[in-house]
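To start, the structure itself, in structure tokens.
Every number in this text was worked out from the coordinates using simple rules, so none of it is lab data. Keep in mind the model is a prediction, meaning the values are calculated, not measured. Note: ideal-geometry Cβ built from the backbone for every residue, glycine included; neighbour counts use all protein chains shown.
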Amino acid sequence: MGTIGAVIQASRKLTPTLLACYNNISETSKKAWLTKWKDRSEVERVFSPTQWGYTLQNPEKAYMADCPSLMQYDALYGHGSSEYWIDIQVSGIFGASNSKEKGVADGIRIFCQSFASQVKAYKLSELMLFFARYKAGKYDNSFASFDARRIGNAFFKEFRSERNYELDAINRKRIQNEIENRRFTPPEGYSSLSWYNELKRRAESGDAESKQIIDLWKKSE
């Protein structure tokens, strides 16, 4: 892995900030990400506007995905990678809008540079979810008449609070599932099967708690 790191640092000419970011990425993540996506083009193919529909249908996967943040993306694949990736997403929105003025198109690059620097802590998958929702009209159908400033406003004024709420809900669900799974751990003297049968017997006899445990266990399968 040290060889990979040396090659990246030499070929990408990382800034001191990106070099520090690169060094802070765990070796496990570096190896996993660089094995999964060997170059920037592979990342752009997987995290592209063509995947917005899937992302919309799977928001929890978007939040929980094991992928780099924008800053980590720059550190792994070279300075400027994040700006280019944001440009791909924003251009996808622009292309679907009714705005075709050259002045608007020329301003996209400037916006992408600024926006990428402000959202560098967010993962690619999370940003994909934002762009997918924006394109779907969740934030006042503003994509129909393209204005890059609306993208920034929608992210900071709406998506960020939305993200916090949804992440809290996901974490509460995870904690609850862990609690319920512990409740189903067989007590001493029982195997998993014998404890299940015992709970089933109690539930059939009218024990509400046993029925609840069985129902929760079935949902978690």
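So which aspartates and glutamates can Lys211 reach, going by Cα to Cα under 15 Å and dropping same-chain residues fewer than 8 places off?
Candidates past the 8-residue exclusion: Glu180, Glu198.
Using a 10 Å cut-off on Cβ atoms, rank the peptides 190-198, 207-215, 126-134, 55-63 from the highest mean neighbour count down.
126-134, 55-63, 207-215, 190-198
Tell me, how many Å apart are the Cα centres for the range 183-219 and for the range 13-80?
43
If you add up the charges near Trp52, with Lys and Arg at +1 and Asp and Glu at -1, over every other residue whose beta carbon is less than 10 angstrom from its beta carbon, what do you get?
Computed value for this residue: +2.
What is the distance, in nm, between label points placed 7 Å from the Cα along the Cα-to-Cβ direction at Gln118 and at Ile88?
Simple spin-label model gives 2.3 nm for this pair.
Using the structure shown, list the pairs from Lys61/Lys123; Lys36/Lys135; Lys138/Lys173; Lys173/Lys218; Lys30/Lys123 with a Cα-Cα distance above 18 Å, or answer none.
Lys36/Lys135; Lys138/Lys173
Subtract the Cα-Cα distance of Thr35 and Gln51 from 0.36 nm times their separation in residues, and report this length gain in nm to one decimal.
3.7 nm
Computed FRET efficiency, Cβ-Cβ of Asp140 and Asp106, R0 35 Å: what is it to the nearest 0.05?
0.90
Estimate the FRET efficiency between Glu60 and Ala208 by the formula 1/(1 + (r/R0)^6), using the beta-carbon distance for r and 30 Å for R0, to the nearest 0.05.
With R0 = 30 Å, the Cβ-Cβ based efficiency is 0.50.
Order these by the 10 Å Cβ neighbour count, fewest first: Asp66, Asp147.
Fewest-to-most ranking of Asp66, Asp147: Asp66, Asp147.
What FRET efficiency comes out for the pair Glu198/Lys173, r = Cβ-Cβ distance, R0 = 25 Å, nearest 0.05?
Once the sixth-power term is evaluated, E becomes 0.35.
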